[in-house]
């Protein structure tokens with residue numbers, strides 16, 4: 001590797017984290033310096049509405065190893081990570097949240113594990129400090145994700161991960177709008193492992209993931225990496241069709257054996273069955289619409305994000 005290129009690139013998406021930025025940069029710099037190898041820190045301002053950008057800009061003007069990518073608005077964590085991936089020059093790329101719940105001091109553990117020949121190193125949060133709701137939601141998401149994608153990991157939600165450069169290059173060549181980086185990376189990687197890492201309670205600021213965002217993320221994941229929902233709907237439709245034919249046979253037999261009065265007495269059961277089948281049909285149509293909408297989004301080939309400005313080597317560059 002050229003002496004001018006960093007060995008490790010640390011990618012950090014930032015969204016309204018002004019209360020954590022100073023401590024974040026100090027700890028990341030200390031942890032990266034302890035590696036004893038060239039490094040760079042790439043922060044992505046994902047449309048922050050507070051003072052995050054100003055703090056990042058000031059820090060980048062002082063430290064040439066710090067790069068700031070400024071989005072023109074909020075595009076989401078995964079878009080921000082992709083922007084960092086495309087700018088990263090290191091052989092090993094580490095992703096890290098800006099909220100300090102994943103201690104930057106664990107970066108060295110991931111890098112040393114990568115040097116054993118792995119393509120991707122994930123992390124498993126030990127003694128999580130999140131609320132009970134977040135822990136339960138995380139367990140559900142991990143199990144569903146493993147079942148749907150076939151990628152067996154223990155903690156998909158932990159942002160602290162390390163990737164080999166060739167894996168990142170393949171990720172950047174994948175232009176899907178809706179994707180989930182940990183699963184996509186593991187599909188392209190040869191050797192994958194996980195290491196236990198510490199987890200801290202959020203000291204300042206608020207979590208950016210609400211219940212609705214977690215549900216949306218899970219639905220995006222399922223529909224982006226699997227045809228399981230469509231196949232499940234087909235199975236449900238086939239099963240309900242068989243039940244409908246069986247119910248019809250019972251009604252016809254009852255009408256012939258017991259007369260018209262018996263058939264009338266089952267009218268409410270018939271209505272219930274009809275409404276149930278209608279619900280299945282509408283659900284199936286909605287699911288098909290979701291997949292069709294995603295196809296429409298992909299064929300338009302719109303960019304994942306728009307960069308307003310890049311700050312590096314002590315200078316600001318207009319990205320337009």
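As a rough footprinting exposure proxy, the listed residues 158, 172 were ranked by other beta carbons within 10 Å of their own, and the order from fewest upward is 172, 158.
Available extension along the chain between residue 58 and residue 195 is 45.9 nm, counting 0.36 nm per residue and deducting the alpha carbon span.
On the basis of the beta-carbon distance and an R0 of 41 Å, residue 244 and residue 166 show a calculated FRET efficiency of 0.20. Ranked for footprinting exposure by Cβ neighbours inside 10 Å, fewest first, 176, 315 give 315, 176. Estimated at 0.36 nm per residue, the fully extended path between residue 139 and residue 315 surpasses their Cα-Cα distance by 59.0 nm. Between residue 253 and residue 295, the simple label model (points 7 Å from Cα in the Cβ direction) yields a spacing of 4.2 nm.
Cβ crowding within 10 Å, taken as a proxy for footprinting-reagent exposure, orders 193, 179 from fewest neighbours to most as 193, 179. Residues within the reach of a label modelled at residue 308 (point 7 angstrom out along Cα to beta-carbon, backbone nitrogen below 18 Å), restricted to region 76-113, are 76-77, 79-81, 83-84.
For residue 124 and residue 35, what is the calculated FRET efficiency with R₀ set at 22 Å and r taken between the beta-carbons, to the nearest 0.05? Calculated transfer efficiency: 0.50.
Every number here is computed from the coordinates shown, using simple stated rules; none is lab data. Quick caveat: nothing in here was measured; it's all calculated off a predicted structure. Note: ideal-geometry Cβ built from the backbone for every residue, glycine included; neighbour counts use all protein chains shown.
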